[in-house]
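Structure record follows, encoded as structure tokens.
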Amino acid sequence: MKRTLIMLILLATALTAQHGNHPEHDNHNKTAAMPGDSSAATAHDNHQETEPDGIYRHGSGTGWLPYNSEMTGYMIHGSKWNFMFHGNIFLRYNHQDIINQSSRGGSKTDAPNWFMGMAETRPWETARLRFSSMISLDLLFGGKGYPLLFQSGETYEGKPIVDRQHPHDLFSELSVELTQSLSSDFDLSFYLGYPGEPALGPVAFMHRPSAQNNPDAPLGHHWQDATHITFGVATAGFRYRFLKLEGSVFTGKEPDETRYDFDKPLFDSWSVRLSANPVKQIAAQVSYGFVESPEASHPGVDVRKYTASIMYDEKIGSSATLSNSLVWGLNDTPGDHDEGSVLLESNLALSRLNIYGRYEWLAKSSHELGIQDQDHNAVYQINALTIGVNYPVTTLAGTSLLLGTQASFYKPDSQLEKYYGKNPVSLQVYLRVAPLKMIH
């Protein structure tokens, strides 16, 4: 009952906003684009806007971002196709647990990264075709990933990864999506990915504007959006104005330890998601998924996933943007306690400075944290707060180099102090390499 109430509250927050607050139109120079067409994402530079119900932007998979979300990348407009390229690299030194120096911490110099390419037809009269790809070179920095206190998920050399973030696969997305418009209010969409992302959870963390300056994956990643790399997914969706209902069938098993290959598609799991973008500042979703045997360390154990989220992006003046995300996720595993997470993250993008933060509350079990001398079903509460800042030191060919630092403060359950010490603190310094706002 509690999880259902939380999901309904988040969705109701979005739906009760004033639907009349659509992007204003320039009646003298209006783009005749399909709703949500990313080719119109750069139309502001020509004082153009999309059609009245084009109040969303595509994020990861088939997920929606708010219309106000800032678009960054390199755009090439052709006569029949549009091409977009995007990416993010953090050249950094990361030291987890700098005060207590517990065995659970660690330090590493590495470079979390991902790169994305998209090709999309100029809107046909009633249809649009989109090809998307995403790769990551995380595997170059070792199969065990990078140190990150209280993180868990996937395996290395047959053992669960704990207090580290696993590397992402070389191929994170290779997908195609066809959208068929039935009228200005209705359209149908079909998405195939190998790998791809099912309709489950919010836009993945690396594609959320609120998280774009944070090198770390959320600690609740495997409760909220861990299915963003799925080897075999098919999704069908139906949009009516600012609402979209989707259903997916996909492979439940998490990617294996061989990060450069293609895992066997099984299509043994399913999900359903309702998305709503009632105004240009808001993107909300609620979703449910049945995931068959996702963890290699627990074969045969199925998980029922519940998620809800709301993103709010607002432009401030002529050059600033405030991006916020509130995400809730819960894993229901038969025979075990439910484990949940809540995330609140924000990013304030000023003309010469980015200030960002992330707060997380999690409930993780002894199994998730790799604690053997406690009750296997014991669940511990963890609070984590990250605050960071960066600023551009130079730009080159439409690419920005940003120097930044961030600190994370953890307050775990008192029973975890014998493993992590009291209130551990982590520190990072980095150089972020990323595109500027959309180049034409």
_Under a Cβ-only charge scheme (Lys and Arg +1, Asp and Glu -1), can you give me the dipole magnitude of segment 2-435 about the Cα centre, in debye to the nearest 20?_
800
*Calculated FRET efficiency, Phe131 and Val429, Cβ-Cβ r, R0 35 Å, to nearest 0.05?*
0.40
*P(r) of segment 2-435 in 20 Å steps, Cα pairs, percent per bin?*
26, 60, 13, 0
*222 nm [θ] for the chain, helices only, -39500 (n - 2.57) per DSSP H run of 4+, per residue, to 500?*
-1500 deg cm²/dmol
*Report the longest stretch of the chain that contains none of the GluC sites (Glu not before Pro) sitting in a DSSP loop with at most 10 other Cβ atoms within 10 Å.*
158-440
_HN-Hα J in Hz across segment 249-254 - Karplus 6.51, -1.76, 1.60, θ = phi - 60°, x for Gly and Pro_ = 10, 7, 7, x, 5, 5
*What are the extents of the Cα atoms of segment 311-367 along their three principal axes, listed from largest to smallest and rounded to whole Å?*
53, 18, 9
*Return the ratio Rg/(2.2 N^0.38 Å) for segment 258-332, where Rg is computed over Cα atoms only.*
1.55
*Give, to the nearest whole percent, the P(r) tail of segment 323-402 beyond 15 angstrom, counting all Cα pairs.*
68
*asked:* Two decimals, Cα atoms only, Kirkwood Rh: what is Rg/Rh over segment 360-408?
replied: 1.36
*So what is the relative contact order for the chain, in percent, with contacts set as C-alpha pairs under 8 Å and at least six apart?*
16
_What do you get for chymotrypsin sites (Phe, Trp or Tyr not before Pro) in segment 194-293 restricted to DSSP loop and a cutoff of at most 12 other Cβ within 10 Å of the site's Cβ?_
Tyr260
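Read-outs: derived from the displayed coordinates by stated rules, not from any lab. Only a predicted model underlies this, so the values are computations on that prediction, with no experimental measurement involved. As a convention, Cβ positions derive from the backbone with ideal geometry for all residues, glycine included, and neighbour counts pool all protein chains shown.
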